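Please read the structure below before turning to the comments.
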Amino acid sequence: MSQVISQDATLDDIIFRNKNREYGAFDLRTRYPKVMKRSVLLGSALFVGALLLAAFWKQLTAAAENKTEVTAEVMKLDKPAPPKKVELPPPPPPPPPKEIPKVTTTKFLPPEIKHDEEVTKPEPPPEEVKGNTASETVKGETESYEPPVDPDAGKAAPVEPPRPAEDEIFTAVEQQAEFPGGSGAWARFLGKTLKYPSAAQRANVGGRVFVSFVVNTDGSVQDVQVLKGVGFGCDEEAIRVIKSMPRWNPGKQSGRAVRSRFTQPITFVLSE
């Protein structure tokens, strides 16, 4: 069945009447005017751009030609003369050594061997008479003086060292606070009480958690805080273990139980 041609039909519509328009020829003829118009505009823009670029290049070369070339002469300076050596006068001679004054000395003589009969003992010097002198010897009374005695000397009490305050917290004491039973009991308690957090197991995280706490005079524990942790629930588990500990043996200062701060590391290790 033939198609009716309208009055506004183009040449392409007439040529491709009763034909399949899905082939490329109809599409090429339809887009040809648009492609030509675009090509003309692009070519014109490139041409104008080339002209502008040539004009700009000409201006640059003209400016470069107008530059004056200046030649500077470099004067050669003579090398400075080396400094003259100043001859110093010779040092004065050293003063003569002082004469050491002579000291009177006695020549050492070897001992002479003599018999006992020939040796005479020197007589002792006469004793000096002390006290009052008189024509007659009279025995008098001698006065003895005793040193004065402080009546309050025996009543003075021995000085005791100052006692620490009840609320004072020591960081270093003479006898450190200790877990009841020693390090072996602490290791057994830690093995029974410590539980590895599931989050740390899944992330394959381990390490040492440093926990600080105060041991009171009665051995109880308070002020538990983490100084250095590893996260993933290990810090919270370390605090739980410290708070569940039995009473410690308190630290002592001057033989008296005092409050002291203690730092305990807890290690989290994944078993293979």
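Computed values, structure above
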quantity: Strands (runs of 3 or more DSSP E) enclosed by region 179-272 - at least 2 residues per element that are surrounded by 14 or more Cβ atoms within 10 Å (Cβ to Cβ) and among the small types (Gly, Ala, Ser); calculated: 207-215, 256-268
quantity: Residue in region 174-191 that is closer than 15 Å to Arg247 by Cβ, of a type in the set (S, T, N, Q) and in contact with a Lys or Arg (Cβ under 6 Å, 6 or more places away or on another chain) present; calculated: no
quantity: Qualifying residue in region 239-251 (condition: under 21 Å from Pro180 (Cα atoms), without any contact (Cβ under 8 Å) to a residue 12 or more places away in the chain and within 32 Å of the chain's Cα centre (by Cα)); calculated: yes
quantity: Any hit, region 216-233, residues being among the charged types (D, E, K, R) and either farther than 30 Å from Arg202 by Cα or in contact (Cβ under 8 Å) with a residue 60 or more places away in the chain (or both); calculated: yes
quantity: Test for Gly207: is it under 27 Å from the mean Cα position of the chain (by Cα), on the phi > 0 side of the Ramachandran plot and at pLDDT 90 or above; calculated: yes
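The values are calculated or read from the model by the stated rules, or taken from the named source; none is laboratory data. All values reported here derive from a predicted model rather than from experimental measurement. Glycine also receives a Cβ, built like all others from the backbone with ideal geometry; neighbour counts cover every protein chain displayed.
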